[in-house]
1. Please tell me if Gly262 is out of contact with any Leu (no Cβ under 8 Å at 6 or more places or on another chain), surrounded by fewer than 16 Cβ atoms within 10 Å (Cβ to Cβ) and outside the structural domain of Leu398 (by TED's automatic domain parsing).
2. Inspect all residues belonging to the stretch 49-56 and state whether any of them is in a loop (DSSP other than H, G, I, E, B) and closer than 25 Å to His120 by Cβ.
3. Of the residues Ser236, Ser199, Ser193, Ser155, which single one is of a type in the set (Ser, Thr, Tyr), modelled with pLDDT of 95 or more and either assigned by TED's automatic domain parsing to the domain that holds Val289 or not in a helix (DSSP H, G or I) (or both)?
4. Residue under question is Gly294, and the condition is that it be under 27 Å from Pro212 (Cα atoms), among the small types (Gly, Ala, Ser), surrounded by fewer than 16 Cβ atoms within 10 Å (Cβ to Cβ) and out of contact with any Leu (no Cβ under 9 Å at 6 or more places or on another chain); does it hold?
5. List every residue pair whose Cβ atoms sit under 6 Å apart, with the two residues 6 or more apart in sequence or on different chains, where the first one lies in the stretch 221-236 and is more than 19 Å from Thr298 (Cβ to Cβ) and the second, anywhere, is exposed (fewer than 14 other Cβ atoms within 10 Å of the Cβ).
6. Looking at the stretch 290-363, what strands (runs of 3 or more DSSP E) fall wholly within it and have at least 1 residues that are over 16 Å from Arg239 (Cβ atoms), among the charged types (D, E, K, R) and assigned by TED's automatic domain parsing to the domain that holds Trp277?
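The values are calculated or read from the model by the stated rules, or taken from the named source; none is laboratory data. Predicted, not measured: the structure shown is a model, and the values here were computed from it. For neighbour counting, all protein chains shown are included, and Cβ atoms are generated from backbone atoms with ideal geometry for every residue, glycine included.
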Amino acid sequence: MTSTRAQLVDAATAAAKAGKHVEAERLWQEVLNRDPLDSQALFSLGVHALQRGDFARGRQWLLQAHQRSPDDLLVLMTIASASRFLKDRDGEREAIDAVLARDPYHLPGILALGYWLEAHATLSAAAATFRNALRVAPPEPQWPDFLREQLRHASELVRRHSLDYEKYLRGKLADLHADLPAGAQPRWREAVSIFAGRSRPYVADSNQLHVPRLPAIPFFEREHFAWAEALEAQTSAIRGELEQVLQTHTEGFAPYIGYRPGEPVNQWAELNHSTRWSAYHLWRAGTPVEDNLGRCPTTRAALTAVEMADIGGLCPNAMFSALAPKTRIPPHHGETNARIVVHLPLIVPPGCRYRVGYDECDWEVGRILAFDDTLEHEARNDGDALRVVLIFDAWNPLLSVAERRMVTAMAEAARTFGR
C-alpha cells in the first residue's frame, strides 16, 4: 500500500528524532519525488545536508525552499547559517537582512546581525545591534534556552564595549573635567557613563507622594543642613546608646521587611521577616516609639534638634538600621521626594558600600549622608561584622516652608479620603 504524504512526513520526522538521518533523508526525498515543489521537504533536505557537512548542497535546497515560502523566517535564518559555513559573508548578510525586513523585532535575526557585524564590521556596530537585541529580549530569567548563550555573548560584548568607550571618553575629557567645579563633577561622570551606554539615567520614582520638578539629587551637599555639624558632634554619645541597646535590648530590633502572607514581596523575598536587616525604631511613620526612645535620651535630643520631616502617617521615621554581614539590601525606591533620608554611620566594618542612582560611596563613621531615596538605591555589607547606621527623615531642603505645608495637607487629605 502506498504511503500518504502525511505518513511519509511523520515517518521522516520520527526517523530524524531517533537519529536515523539517512532514513529521514530518504523519506523526505520520496516526498519531494511526489511534489518537487514541496517546501517542507526542500527545507528538511537542506537541513540534513547541513548536518552532514554538505553546505553547498544544503544551501541549494534551502534556496529552493525560500522560493516556495519567501516569508518563512526559519528558512531564511537557515540560509544565513549555510552561507556562514560557506564563508559567504555577503550571502549571509543578505539572508539576515531579508529576515529583518520582514520582522525588524525578530530576536534571532537581530542576534545574527550582531554576530555578523562583530565578524565583518566594527565592535561599535556590533554593540549597538546587540544592545537592540537585549532590549527586544525578555528579562534574563526568561531568556529562551536556544538563545541563552547568544544573549550572554551579546550582554558581555555590550558590557566590554561600554567600559572601553567610557574609558576612552574619560581620557578625552579629563582636562575639561578637572576644570569643572567640584560639585559639578559627579554629574559629568554620570553623563559620560550614560553616553557610553554603561548606565541608564536614574529618575525619582516615589511610591506615594511625588513632588514634580524637584531636582533628583543623589547626595545633597552638607551646606543645605545647618544642623549637620551639631548632630555629627553627638556621634560618640549616640553610638554609646546604640551599643547599650545591642547588649540589653536586642529584642527591640525587628526585621525591617515584614510582608504579610499573600502580599507580593517582589525583590524582598530573601529579607522578608529576616533579622539580617533589622531596625530599632525610634519614630515610625510619624509616631514616636517611646519605649525605645526612653533608652536613648541623647539620640532623642539630637534628633529633636534636627529639622525632621513631618508628613502625617508617613514621616518622620528614625531608627538604628542594622545590616548583618554578607547581606545586601536590593535596589528599591522610597515613598516621597518631599523628604530626604539621612544616614549617620555609627558602626561601619570594612566591606560596606552604598549606592544612590549612579553614585556609590562608603559610609564614614560620624559623617552624614543625605540623599533622595526615591532614586533607586541599595546597600551591602560584604564584611564580617554588623553594620549600623542611624537613619532619619528630613525635609527636602529645596522645598519652601509653604510647600512643606502643601505636602502635609496632601498627606492629611489622603488619610481622610473615603473614611
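1. Values: out of contact with any Leu (no Cβ under 8 Å at 6 or more places or on another chain): yes; surrounded by fewer than 16 Cβ atoms within 10 Å (Cβ to Cβ): yes; outside the structural domain of Leu398 (by TED's automatic domain parsing): no.
Here the answer is no, as Gly262 does not meet what is asked.
2. Yes, the conditions are met somewhere in the stretch 49-56.
3. None of the others qualify; the one that does is Ser236.
4. Values: under 27 Å from Pro212 (Cα atoms): no; among the small types (Gly, Ala, Ser): yes; surrounded by fewer than 16 Cβ atoms within 10 Å (Cβ to Cβ): yes; out of contact with any Leu (no Cβ under 9 Å at 6 or more places or on another chain): yes.
Taking the combined requirement at face value, the residue does not satisfy it.
5. So the pair list comes out empty.
6. Details: elements: 318-323, 327-332, 339-347, 352-356, 359-361.
Passing ranges, in order: 327-332, 339-347, 352-356, 359-361.
Every residue, every condition in (1) within 42 Å of the chain's Cα centre (by Cα); (2) within 18 Å of Ala112 (Cα to Cα); (3) of a type outside the set (D, E, K, R), yes or no:
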| site | (1), (2), (3) |
| --- | --- |
| His21 | no, no, yes |
| Leu32 | no, no, yes |
| Leu37 | no, no, yes |
| Phe43 | yes, no, yes |
| Gln64 | no, no, yes |
| Ser69 | yes, no, yes |
| Met77 | yes, yes, yes |
| Ala82 | yes, yes, yes |
| Lys87 | yes, yes, no |
